Amino acid sequence: QISLTPASACLVALRPAWSAALAWGAMTLAPVTGLYTIAIFGLPLVTVVLIVWGRGRWLSAHVGITTAWLIIGTIRDTSGLFFWTTALLQLVAVAIGLLLRKVRAARDRDTAAKELAEQTLRDEIDRRERLLHQLATELHDAVASELTMISLDTSTVAASDDPAEHPGSSLSGIT
C-alpha cells in the first residue's frame, strides 16, 4: 500500500485512469492494514486529476469507491477523526478540481476562438489574393489589347504614306 499511492501520483501526468486504479488499490488495502495516512493524502490528488482530466465513468466510479471507503473507514475508526479529515480533504480536492476544470475549459475556449479568428483571417487573405490576381489578369488583358491595337494601327499607318488617310487611327494626331 505504501508504494501504490506515490505510484498513482507519478501516473497523474500520464493516465488519470491508471492513477485512479492504483489509488483504489491503496484504498482497498488501507482497512486491512490500518495504514490510512498514505491513502488519505493520495485520494484528493486522484480526485483533482479525475475532475480535471478524467472521463465521466471514471469519475463516477471514483465517487462510488471513495464513498464506500469512507464508510468502511468510519466504521473501523470510532473517533470520527478519519471521516472528517478525509471528507475535508476531499471537499478541498473537489473545489480545486472544479476550479481547474473551469480554467481549463476557458483556456480551451480561448484557444478555439483564437484558431477560428486565425482561420478567418487566412480565408480573408486568400480571398483578397484571388481578387488581386483576378484584377491583375484583367488589367494585363486590357493593356495587351490596347497595345495590340496600337501595334496594328502603327503597322497600318507605316504601310501608308499619308497618315491623314487613316482618320480613325489612334495615331492620327501624331505627325
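The values are calculated or read from the model by the stated rules, or taken from the named source; none is laboratory data. Treat the numbers as computed from the prediction; the structure is a model and nothing was measured. Heads up, the Cβs are rebuilt from the backbone with ideal geometry, glycines too, and the neighbour counts pull from every protein chain shown. These accessible areas exclude ligands, DNA and RNA; they are computed on the full protein's heavy atoms, side chains included. Shrake-Rupley method; radii C 1.70, N 1.55, O 1.52, S 1.80 Å.
Annotations for the structure displayed:
- Given charges at Cβ of Lys, Arg, Asp, Glu: segment 25-138 dipole, positive-most of Ser60, Val94, Thr28: Thr28
- Separation in nanometres of the label points that stand 7 Å from Cα toward Cβ, at His140 and Asp123: 2.8
- Kirkwood Rh, Cα atoms: Rg over Rh of segment 28-130: 1.33
- Solvent-accessible ranking of Asp110, Asp126, largest area first, probe 1.4 Å: Asp110, Asp126
- The modelled label-to-label distance between Ser155 and Asp108, using points 7 Å beyond Cα along the C-beta direction, is 7.0 nm.
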